[in-house]
Amino acid sequence: TADSPAWSYWAYEVNNPTTAGTTKRNELWQGEVILTGDVSVESTGSLWLKPGTTVVFAEAGEQAVNQSLTISTAKVFSAIGTEASPIRFIKAGESDAASQWTGIVLNGRAEMAHIEVRHADVGLDVTGSMSVTDSVFANNRLGLLKRTSAVMTISDSQIINNETGVYGRDNGGSLTVI
């Protein structure tokens, strides 16, 4: 929960989120975070998103189509929202058009709940290990992509109005939809 000691531990990074480029530090995002370019969280960094956080992929002409949030074997990637305060990943000016930003690329481990991913090319692209529950993937070209050797568990989630909902590649790993 937001009141747990873990939240206060990460709080020192709240006021200066990385909005473009690579970070190797521990960050806690809250409120509205506007990304102006690709953001990559490297293996020495951690990223925590508080309930109610909205991550906006800013439009800069055609650049918004290529923006992504990449989690590269980060120590921690935690996006645990609540039913009343989901964590949202959207493009600026959220219209009904799909494929407006690249998506979330997960090469490490993550646990996500009560998230919304909308208007991405690939909402969640997983090479690592993740579980997502009580979430929404909508209006993306591809809602979720499980790559070779990835371990993906999806439960109690809505995968709606995407060109393709879930696509899983063979050769190891597992895909569980509950």
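Every number here is computed from the coordinates shown, using simple stated rules; none is lab data. Here the structure is a predicted model, which is why all the values come from computation and not from measurement. Counting neighbours? That spans all protein chains shown, and the Cβs are built from the backbone with ideal geometry, glycine included.
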Self-check item: Listed peptides 108-119, 20-31 by packing density, highest first (mean Cβ within 10 Å)
Solution: 108-119, 20-31
Quiz item: Pulled fully out, how much extra length does the chain show between Ser43 and Glu111, if you take 0.36 nm times their separation in residues and subtract their Cα-Cα distance?
Solution: 22.9 nm
Quiz prompt | Test item: Cα-centred dipole of region 82-178, Lys/Arg +1 and Asp/Glu -1 on Cβ, debye | solution = 300
Quiz item: Given q = 0.25, 0.27 Å⁻¹, what are the Debye log10 I(q)/I(0) values for region 129-178, with equal point scatterers placed on the Cα positions and solvent ignored?
Solution: -0.93, -1.03
Quiz prompt | Extended-chain gain in nm, criterion 0.36 nm per residue less alpha-carbon gap, Thr22 and Thr176 | solution = 52.3 nm
Self-check item: lysines with Cα under 24 Å of Lys24, excluding same-chain neighbours fewer than 8 positions away
Solution: Lys50, Lys75
